[in-house]
Amino acid sequence: AAAPAPLLALALALRTLNCFLVQTSFVPDEYWQSLEVAHRMVFKYPSPAAAPRNYGYLTWEWTSRLRGYSYPLIFASMYKALQLLAKDNVQLLIWVPRLAQAVLAAFADVKLYSLVQHLENSETAKFVFFCQLCSWFTWYSCTRTLTNTMETILTIFALSYYPIKGSKMGNSYKYLALVAFAIVIRPTAVIPWMPLIFSHFLQEQRKADLILHNFIPVGLVTVGTSLIIDRVFFGEWVLVQLNFLKFNVLQNLGRFYGSHPWHWYLSQGLPVLLGPHLPFFVHGCALAPRRCRVLLLAVTWTVLVYSTLSHKEFRFIYPVLPFCMIFCGYSLKHLKAWKKTAVSFLLLSNVVPALYTGLVHQRGALDVMSHIQQLCRGSQHSQPSVLMLMPCHSTPFYSHVHCPLKMRFLQCPPNLSGSESYVDEAEVFYSDPLGWLNQEFHNDTLLPSHLILFSVLEQEISSFLTLRGYEKTATVFHTHVPQGRVGSHISIYRRKAEMNY
């Protein structure tokens, strides 16, 4: 039985609302590994002297061939369609990819419902669906243009075709193709699927057939497609998934972005992701039938594998959150007297973190972009230019401006050369902001027309701002919990007109 149409309508309406109620930034990858790359793939600007050329910015992961073009290509197709329809205004470039992600998320929610309905019954399925819809972290992440989001959505789709014992929906070819696509987009997608694929292999009678007719063809087609797409855009043959694993696992260079203790996912990661669902997840694990143990194994295995890597983030274990929701659904169904109380508790306790993280926390990084967009309609006399004196990749870039404005931010690639004395530009700047500015702009003609910085930096460089004729034109709220170099507000400074000439 297919999921009822009203459920799909509800999911679509809710995820569309979800999309518009998330106006904050989460992590730089949301833009820099998807929309920025897509923008550069599609948009050219006519350079006065030569042929039109693409403009945009590719981070070091792209120049080092660690990322593949398969995922940005999805957004590039949307951008191309908007361009052909002459509708490529900046608001549509920002919202269309997000809305597409929201629609996919809604279909994934309904797939999760169908899966549990087949395994159990409609009642359990409804509770799982409810848990999935009211999860604050899913609300926070499912409409973002993150590879982790797409990995999670594909994982739910794949799970709905996975041959769990007792399921009539199993389709080896479909689930393997979806898993393979997830691995192409984000190679770490292989982690939660290792125990599931291994378990499937063990219970399969015709093992040779499974390898010859499913594993090998699916693997060849997806790797082949990925190779061809990357060949087109890189201009050379490159297996990015191999480079990605070499860099992140073998060389462990991810630790450049911070390292955490081994128990971080157990003590913080999973409890924060589950939030108010945590007690129901624990209760559900004790109740769930034997055939669901493979899902619990996948969750445990994923958390353990990620715990061995020094660089840890909440979003890395996001793909196993839907698995956890299945157990939460079992828990709710088995609560007799407390069912209504539990449902009300989950709904109310998830609303606050969902709305706060979606509408308030870290919103300045996106709000400041609307101020920069206005510079595109700059005066004829002087070409505006922007310098972001913030931790690198604090804001999106051309995908949220959509004009070839001269923009610059502080660079921070990891130590790829292996040099002992390596220090990135952002570190050099923060160790002596005034010294860096005076050295960089010893000549007034080099000065940018606009500076964007976090409020914590203002005091330190105030003498430079006054001396060079900068005045504050706007202050944008960013967060209630400023930390280190990230301030509570973002300030925009403009160089006074008479100083420009």
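The values are calculated or read from the model by the stated rules, or taken from the named source; none is laboratory data. In this text the structure is predicted, and so the values were computed from the model without any measurement. FYI the Cβ positions are ideal-geometry reconstructions off the backbone, even for glycines, and counts take in every protein chain you see. In case anyone asks, the SASA skips ligands and DNA or RNA and just uses the protein heavy atoms, side chains included. Shrake-Rupley method; radii C 1.70, N 1.55, O 1.52, S 1.80 Å.
List of remarks:
- Restricting A76, A81, A51, A38 to those that are aliphatic (A, V, I, L, M), out of contact with any helix residue (DSSP H, G or I) (no Cβ under 7 Å at 6 or more places or on another chain) and assigned to a helix (DSSP H, G or I) reduces the list to A81.
- Qualifying positions in segment 159-192 - outside any helix (DSSP H, G or I) and either among the aromatic types (F, W, Y) or in contact (Cβ under 8 Å) with a residue 24 or more places away in the chain (or both): Y161, Y162, P163, I164, K165, G166, S167, K168, M169, R186
- Top-ranked residue in segment 90-129 [being polar (S, T, N, Q) and modelled with pLDDT of 95 or more; ranked as farthest from S34 (Cα to Cα)]: Q91
- Candidates in segment 198-218 are the residues that are under 30 Å from T149 (Cβ atoms) and surrounded by fewer than 15 Cβ atoms within 10 Å (Cβ to Cβ); of these, the one that is nearest to the chain's Cα centre (by Cα) is F198.
- Verdict on T445 being assigned to a helix (DSSP H, G or I), open to solvent by 70 Å² or more (accessible area, probe 1.4 Å), within 24 Å of L405 (Cβ to Cβ) and of a type outside the set (F, W, Y): yes
- Any chance L12 is in contact (Cβ under 8 Å) with a residue 40 or more places away in the chain, open to solvent by 50 Å² or more (accessible area, probe 1.4 Å), within 22 Å of the chain's Cα centre (by Cα) and closer than 20 Å to Q101 by Cα: yes
- Positions within segment 428-443 being free of Cβ contacts under 8 Å to residues at least 24 places away in the same chain and closer than 17 Å to E458 by Cα, in sequence order: S431, D432, G435, W436
- Among the candidates V22, V27, V42, residue that is open to solvent by less than 50 Å² (accessible area, probe 1.4 Å) and within 22 Å of L410 (Cβ to Cβ): V27
- Condition met for A208 (farther than 27 Å from H334 by Cα, among the small types (G, A, S), part of a helix (DSSP H, G or I) and in the same structural domain as Y71 (by the TED database)): yes
- Scan of segment 354-365 for residues that are in a helix (DSSP H, G or I) and either under 24 Å from R485 (Cα atoms) or touching a His at 6+ places or on another chain (Cβ under 7 Å) (or both), ordered by number: Y356, T357, G358, L359, G364, A365
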